[in-house]
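The values are calculated or read from the model by the stated rules, or taken from the named source; none is laboratory data. Everything numeric in this text was worked out from a predicted model, so none of it was measured. Here the Cβ positions follow ideal geometry from the backbone for every residue, glycine too, while neighbour counts run over all protein chains shown.
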Amino acid sequence: MPIPYDLVNPLLTATNSFTVIVREVNVAPALPAILPQTVDEMTLLTVTNTASNANIHSTVVGYALVNPPAGAAVDADGIITWTPGQSQSPSTNTITTAAINSGAPSLSATNSFAVIVREVNVAPPFIQSIVLYRDGVVISWSAVEGRSYRLQYREGPGVSPWIDDAPDLTAIGPVLSATNSPAGSALRIYRVLLLP
């Protein structure tokens, strides 16, 4: 039932308008918690350390490693890669990552995780065969995939220094071979070095 119009105390109303500006507050990106990692020397370690960002209008614009071990790197997607060398084992290392976003002001976040590098004992190379061909000598030896080797020779026992037969070779399987040209030598002695 409608309310009757009151001539003595009429109901009066008024309106107004105003503008509300909502500002986004930049929030730092968040990096995941990474469990301790274990890797063998001379073996590639890959860790996904991609940051998330709660802000709608800002994105993660960069990653950096803080005082990383030699050889460690991070790409634009937060993927960390590292192949520790033989001289870096055994050891325990801390990898710290910083992620930066594009907000105003730009904010960053960091996380850290441990990497334990295990030493792997590699058997020394063993020369398996030396085959003389018309154009040279093919020397084959036992190898470990991913490891590098240097073939050396000298002209006779103890009469000359060891000479490198360049270039150094990296194994892609259990056997590695190189060809050397004796160039008229009466006696040539060979050895193979496992490189660090």
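A few points about this structure:
- The numbered conditions (1) closer than 30 Å to THR43 by Cβ; (2) in contact with a Lys or Arg (Cβ under 6 Å, 6 or more places away or on another chain) are all true for ILE139 except (2).
- Being of a type in the set (A, V, I, L, M), out of contact with any strand residue (DSSP E or B) (no Cβ under 8 Å at 6 or more places or on another chain) and either over 30 Å from SER181 (Cβ atoms) or surrounded by 16 or more Cβ atoms within 10 Å (Cβ to Cβ) (or both) holds for only one residue in ILE56, ILE79, ILE100, and it is ILE56.
- Of the criteria (1) surrounded by 14 or more Cβ atoms within 10 Å (Cβ to Cβ); (2) assigned to a loop (DSSP other than H, G, I, E, B), which one ALA109 fails: (2)
- Unique match (being in contact with a strand residue (DSSP E or B) (Cβ under 6 Å, 6 or more places away or on another chain) and acidic (Asp, Glu)) among ASP135, ASP165: ASP165
- Qualifying positions in the stretch 149-196 - in a loop (DSSP other than H, G, I, E, B), under 36 Å from the mean Cα position of the chain (by Cα) and touching a residue at least 40 places away in the same chain (Cβ under 8 Å): LEU195, PRO196
- Scope the stretch 157-189; condition modelled with pLDDT under 90, loosely packed, with under 13 Cβ neighbours inside 10 Å and either in contact with a Pro (Cβ under 7 Å, 6 or more places away or on another chain) or closer than 17 Å to GLY136 by Cα (or both); matching residues: ALA166, SER181, ALA183, GLY184, ALA186, LEU187
- Evaluating THR43 against the criteria (1) modelled with pLDDT of 95 or more; (2) surrounded by 10 or more Cβ atoms within 10 Å (Cβ to Cβ); (3) among the β-branched types (Val, Ile, Thr); (4) in a loop (DSSP other than H, G, I, E, B) leaves one unmet condition, (1).
- Subset tally (residues that are outside any strand (DSSP E or B), touching a Gly at 6+ places or on another chain (Cβ under 9 Å) and either at pLDDT 95 or above or surrounded by fewer than 17 Cβ atoms within 10 Å (Cβ to Cβ) (or both)) for the stretch 86-97: 0
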